[in-house]
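Worksheet for the structure shown next.
Each reported figure results from applying straightforward, stated rules to the coordinates on display, with no laboratory input. Remember, predicted model here, so these are calculated numbers, not experimental data. FYI the Cβ positions are ideal-geometry reconstructions off the backbone, even for glycines, and counts take in every protein chain you see.
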C-alpha cells in the first residue's frame, strides 16, 4: 500500500492533479446542494403564497354568489318597475344595477392566480375573464336599451340572465377548486 501511495499518489507532480479533482468534486457537491436548496425554498414560498392567496380570494368568490342574486333581483325589479318605459334613464339604471366589479383581491392578484394550481388557478382566471366579458355585455346592452322599445329591452334582460347562469357555473367551479386549498389550510 505504501508503495502505491509513494509511487502514484504522493508524487509532487500528481498532488496538484489530485487537489484539483478533489476541489472539482467539492464544487460539484456544493453547487448541487445550492440548486436543491433554492428549488426547495422556491417551492415552499410558492406553496405558502398559494395558501395565502386561497385564503384571500375564497371569501370574495363566496360573495360573488350573493352579488349575482342581487343582480337577478335588480333585473326582476327593473322589469316590474320600468316594463313599459323606454329611454336613457332605463339604460343607465340597467348598467348601474347589473354591472359586477371584480373583487379586489382577485383583481389585485390576477397575475398570481396561477399559483393556486392546475385546477384552481385557471378556474379563477376564467372567472375574472368572464366577469370582464359580462360587464362588456352589460355596457353594450345599456347602449342598445337606450334605443329599444319596451318589448325589445325585456329580451335584453333575458340575455343578461342567461349570462348570469353561466357566471353561476363558473363561480361554483372556482369555489369548489379554491375551497380544496382553503380547507387544506384549516386542517
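Calculate the FRET efficiency for residue 66 and residue 147 from the Cβ-Cβ distance with a Förster distance of 41 Å, rounded to the nearest 0.05. Display every interim value, and only then the final one.
Working: r = 32 Å, r/R0 = 0.79.
Efficiency, from the Cβ-Cβ distance: 0.80.
Sorted from fewest to most neighbouring beta carbons within 10 Å, what does the list 64, 144 look like? Let's see the in-between values first.
Values: 64 22, 144 14.
Least to most surrounded, the residues fall as 144, 64.
What number, in nm² with one decimal, is the all-direction average of the projected area of the convex hull of the alpha-carbon atoms of the chain? Walk me through the numbers on the way to the answer.
Details: hull surface 69.6 nm².
Computing the convex hull of the Cα atoms and averaging its projections yields 17.4 nm².
Let me make sure I get this right: for segment 36-124, a, b and c are the square roots of the gyration tensor eigenvalues over alpha carbons, sorted descending. Under 1.5 in a/c it's rounded, otherwise prolate if a/b > b/c, else oblate. Which is it?
prolate
At R0 = 22 Å, how high is the FRET efficiency between residue 107 and residue 133 if r is their beta carbon distance? Nearest 0.05 is fine.
Numbers: r = 15 Å, r/R0 = 0.68.
Efficiency for this residue pair is about 0.90.
Using the Cα gyration tensor of segment 121-187, with a ≥ b ≥ c the square roots of its eigenvalues, what is the shape: rounded (a/c below 1.5), prolate (a/b larger than b/c) or oblate (neither)?
Values: a/c = 5.20, a/b = 3.13, b/c = 1.66.
Note, shape of segment 121-187 comes out prolate.
Can you give the calculated 222 nm mean residue ellipticity of the chain, where each DSSP H run of n ≥ 4 adds -39,500 (n - 2.57) and the sum is split over every residue, rounded to the nearest 500 deg cm²/dmol?
Details: 5 runs with 150 residues, N = 187.
Counting only the DSSP helices, I get -29000 deg cm²/dmol.
If neighbour count is taken as other Cβ atoms inside 10 Å, put 138, 35 in order from fewest to most.
Numbers: 138 21, 35 10.
Fewest-to-most Cβ neighbours within 10 Å comes out as 35, 138.
For each of 114, 58, 36, count neighbouring Cβ atoms within 10 Å of the residue's Cβ, then give the residues from fewest to most.
Working: 114 16, 58 20, 36 10.
Going from least to most buried by this count: 36, 114, 58.
Report the full-extension gain for the segment residue 76 to residue 118: residue separation times 0.36 nm, less the Cα-Cα distance, to one decimal in nm. Mind showing how you got there, number by number?
Details: separation 42, 0.36 × 42 = 15.12 nm, distance 3.78 nm.
Gain in length upon complete extension: 11.3 nm.
Between 53, 116, 166, which gets the highest mean-square fluctuation from a Gaussian network model of the chain, Cα cutoff 10 Å?
166
Pairs of alpha-carbon atoms within less than 8 angstrom and 6+ residues apart define the contacts here; what relative contact order does segment 49-186 have, in percent? Let's see the in-between values first.
Details: 130 pairs, mean separation 55.0, N = 138.
In percent, rounded to a whole number, it is 40.
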